[in-house]
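In what follows, a structure is listed as C-alpha cells, so that the remarks can point back to it.
Nothing in this text is a laboratory measurement; each read-out follows from the coordinates by a stated rule. What you are looking at is a predicted structure, and each value in this text was computed from that prediction instead of being measured. In this analysis, Cβ positions are derived from the backbone assuming ideal geometry, glycine residues included, and neighbour counts consider all displayed protein chains.
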Amino acid sequence: MVARSWFVKTPRLVLLCSIYRLVLFATFFAYIFIPGFVQSDLLINVIVGAFSLVNGYFSVLIYEYASDAVATQGRAAQAYATTLLNIVFQGSAFLAVCCSTVFLLIVPVRVHD
C-alpha cells in the first residue's frame, strides 16, 4: 500500500480540506465576474493549477478511504463502494457539463477590448 499524505490523514481532514477547494472556486469566479478584482495572469494560473491538482489528489484519497471503510466487509463490498464512487463521479461530470451549457445560454458573454 502506498503511504498517504502527511497532512491529510483521515477522511474528516479530506472533508475539511475540501473547503480550500471551495475558496479556490469562489476566487476563480470573483476573478472572472467582479470588476476591479485583482487581474493577474499568474494569479489565475496558480488558482486553476491548484484547483486541478487538489481535485485529482482528493479523488484518489476518496477512493482509498472508501475502500478502507468497507475493508472488513470483504472484496465485494470494496468493489461495490468503488462502483458507487464511479457512478457519482461520472454523474457529477455530466451535471457539470449540463450546468455549463445552461450557464452559457443564460449569462451573456463579455468580450474584452
* Considering only the range 51-78, state which residues are exposed (fewer than 15 other Cβ atoms within 10 Å of the Cβ) and within 13 Å of the chain's Cα centre (by Cα). => S52, L53, N55, G56, Y57, S59, V60
* **Residues that are β-branched (V, I, T), in contact with a helix residue (DSSP H, G or I) (Cβ under 9 Å, 6 or more places away or on another chain) and part of a helix (DSSP H, G or I), drawn from the range 61-84** => I62, T82
* To do: With the condition kept exactly as written, say whether any residue in the range 91-107 is in a helix (DSSP H, G or I), surrounded by 13 or more Cβ atoms within 10 Å (Cβ to Cβ) and out of contact with any strand residue (DSSP E or B) (no Cβ under 6 Å at 6 or more places or on another chain).
  => no
